Amino acid sequence: MSKQAKKTATGRVLHDPVKDKLRPIFPLDLSKVSTIDDLVRAMGDTAYTARQIGDAADVLEAMARDRDCFVVMTLAGALTVGKMGLVFCDLIESGVVKAIVSTGALMAHGLVEATGRSHFRYDPSKMNDNELFMAGYNRVYDSLEPETNLDHVEEVVDGILEKWDPAEVVCSWKLHRKIGEFLQKTTKGRGILKSAYEHKVPVFVPAFSDSELGLDFALNKFARVRDGRPLLRFDPFEDFENFADTMMATKKMGIFTVGGGVPRNWAQQFGVYAELMARRGYKKFPLKRYAYGVRICPEPVHWGGLSGSTYTEAVSWGKFVAPEEGGLLAEVFEDATVALPLVVGAVLQRIGYFKNKKK
């Protein structure tokens with residue numbers, strides 16, 4: 001074969017993939033797999049969603065090892081009912097995640113778990129949905145959240161709110177810090193808010209009223225009005241300003257998104273806020289964009305929803321550093337209960353977290 005590729009009869013010039021420095025892919029050899037990391041690395045050398053999982057682990061590892069990077073984790077979906085709570089604890093306790101932006105429901109169901117209560121399998125042969133309602137069982141796809149669990153959550157939240165100084169404005173990160181402190185003092189097990197409190201990781205819930213904890217706050221307000229007691233004032237911009245101040249102080253930003261929805265957009269729009277502040281003359285802020293991004297979400301882009309929008313789309317809004325400028329972005333289109341343990345487990349093994357934890 002000649003060194004110079006020749007044009008064929010049909011006009012094609014057949015290249016040598018080795019000379020073009022293309023990366024080869026390999027069969028998945030399970031006989032060589034003994035750890036989560038082994039499996040994920042091997043998956044990264046295959047194709048389709050398996051390759052996405054491998055690529056995501058590489059980007060998350062880069063985030064974790066970059067000492068200048070402040071990693072925000074955004075969470076949506078019933079992931080604590082789905083029993084992913086301890087995975088999030090590991091991300092906090094390992095020091096990988098420095099702040100959390102979440103749905104309120106996820107934190108409420110996590111509080112159930114952290115106080116020692118259980119969720120249960122749903123068996124459709126035993127009760128239909130109306131029978132579940134009458135029996136006090138709230139269905140979350142294939143699992144059940146007993147209403148008695150949520151009554152218990154209200155007792156915890158109400159106890160904290162009853163001690164709240166009416167002169168102090170309530171916001172989600174302050175309330176979650178108080179809940180974490182309560183868990184640290186009263187429970188032996190692990191939980192997201194307990195780990196967050198112990199490791200000084202703020203937890204923001206931008207759509208706070210859309211949650212069990214928001215309903216509990218509303219009930220507490222009703223009781224205060226009924227009893228003629230001072231009302232507590234909830235201000236969501238306390239959350240926004242605290243998050244903005246925190247992110248403005250960072251050298252580099254990374255985001256690890258599980259699901260989509262409000263938490264994802266709220267965390268991403270900080271870059272837009274900083275740019276608008278500067279461009280519209282309010283305050284001179286530098287351009288702040290996420291340098292790293294890992295997203296696990298099965299929502300396809302063609303439905304047009306925010307949860308399905310790609311990171312490259314977000315580049316056009318000034319939320320992310322473009323790949324051609326050095327941004328490292330990876331997206332996994334998969335159920336989080338499948339992809340999350342693989343990606344996180346591999347990265348935590350790579351950075352030695354489990355070895356250190358055993359000590």
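Exactly one residue among LYS200, LYS194, LYS174 is free of Cβ contacts under 8 Å to residues at least 24 places away in the same chain and not hydroxyl-bearing (Ser, Thr, Tyr), and that residue is LYS200. In the set (1) touching a Gly at 6+ places or on another chain (Cβ under 7 Å); (2) without any contact (Cβ under 8 Å) to a residue 12 or more places away in the chain, the condition left unmet by LEU75 is number (2).
So which residues in the range 188-197 are open to solvent by less than 70 Å² (accessible area, probe 1.4 Å) and modelled with pLDDT of 95 or more, if there are any at all?
First pass over the range 188-197, keeping only residues open to solvent by less than 70 Å² (accessible area, probe 1.4 Å): 189, 191-196.
GLY191, ILE192, LEU193, LYS194, SER195, ALA196 - these are the residues of the range 188-197 that are open to solvent by less than 70 Å² (accessible area, probe 1.4 Å) and modelled with pLDDT of 95 or more.
The one condition from (1) outside any loop (DSSP other than H, G, I, E, B); (2) under 17 Å from PHE270 (Cα atoms); (3) open to solvent by 20 Å² or more (accessible area, probe 1.4 Å); (4) in contact with a Gly (Cβ under 8 Å, 6 or more places away or on another chain) that HIS302 does not meet is (2). Residues considered: ARG23, ARG41, ARG67, ARG51. Of these, the only one that is free of Cβ contacts under 8 Å to residues at least 60 places away in the same chain, surrounded by 10 or more Cβ atoms within 10 Å (Cβ to Cβ) and not hydroxyl-bearing (Ser, Thr, Tyr) is ARG51.
Only a single item in (1) among the aromatic types (Phe, Trp, Tyr); (2) part of a helix (DSSP H, G or I); (3) surrounded by fewer than 18 Cβ atoms within 10 Å (Cβ to Cβ) is not met by PHE243, and it is number (3). In the range 142-174, of all residues being farther than 18 Å from GLY214 by Cβ and touching a Phe, Trp or Tyr at 6+ places or on another chain (Cβ under 8 Å), the one that is surrounded by the fewest Cβ atoms within 10 Å (Cβ to Cβ) corresponds to ASP142.
Checked against (1) open to solvent by 70 Å² or more (accessible area, probe 1.4 Å); (2) aliphatic (A, V, I, L, M); (3) under 30 Å from LEU342 (Cα atoms); (4) not in a helix (DSSP H, G or I), VAL262 meets all criteria but (4). Against the numbered list (1) open to solvent by 80 Å² or more (accessible area, probe 1.4 Å); (2) under 27 Å from ASP90 (Cα atoms), VAL225 comes up short only at (2). Among the residues of the range 269-296, those that are under 23 Å from VAL344 (Cα atoms) and either at pLDDT below 95 or in contact with a Phe, Trp or Tyr (Cβ under 6 Å, 6 or more places away or on another chain) (or both) comprise TYR290, GLY293, VAL294.
For the range 5-28, a residue qualifies if it is in a loop (DSSP other than H, G, I, E, B) and either aliphatic (A, V, I, L, M) or touching a helix residue (DSSP H, G or I) at 6+ places or on another chain (Cβ under 7 Å) (or both), and the qualifying residues are ALA5, ALA9, LEU14, VAL18, LEU22, ILE25, LEU28. Given (1) assigned to a helix (DSSP H, G or I); (2) among the aromatic types (Phe, Trp, Tyr); (3) buried (at least 22 other Cβ atoms within 10 Å of the Cβ), where does PHE237 come up short, assuming only one miss? Just one mismatch for PHE237, condition (3). The residues on offer are ALA42, ALA9, ALA5, and the sole one that is modelled with pLDDT of 95 or more and of a type outside the set (S, T, N, Q) is ALA42.
Residue-level check: of (1) open to solvent by 70 Å² or more (accessible area, probe 1.4 Å); (2) over 28 Å from GLY293 (Cα atoms), ALA5 misses just (1). Among the conditions (1) farther than 19 Å from ALA218 by Cα; (2) aliphatic (A, V, I, L, M); (3) at pLDDT below 95, ALA105 misses just one, which is (1). Among the criteria (1) part of a strand (DSSP E or B); (2) open to solvent by 60 Å² or more (accessible area, probe 1.4 Å), the one ALA291 does not fulfil is (2).
For the range 120-141: of the residues being hydroxyl-bearing (Ser, Thr, Tyr) and over 23 Å from the mean Cα position of the chain (by Cα), which is surrounded by the most Cβ atoms within 10 Å (Cβ to Cβ)?
TYR137
When LEU91, LEU111 are checked against the criterion of being touching a residue at least 60 places away in the same chain (Cβ under 8 Å), crowded, with 19+ Cβ neighbours inside 10 Å, in a helix (DSSP H, G or I) and in contact with a strand residue (DSSP E or B) (Cβ under 8 Å, 6 or more places away or on another chain), LEU91 stands alone in meeting it.
The values are calculated or read from the model by the stated rules, or taken from the named source; none is laboratory data. Keep in mind the model is a prediction, meaning the values are calculated, not measured. We place every Cβ from the backbone using ideal geometry, glycine too, and count neighbours over all the protein chains shown. The area values use the complete protein model at the heavy-atom level, side chains included, leaving out ligands, DNA and RNA. Shrake-Rupley method; radii C 1.70, N 1.55, O 1.52, S 1.80 Å.
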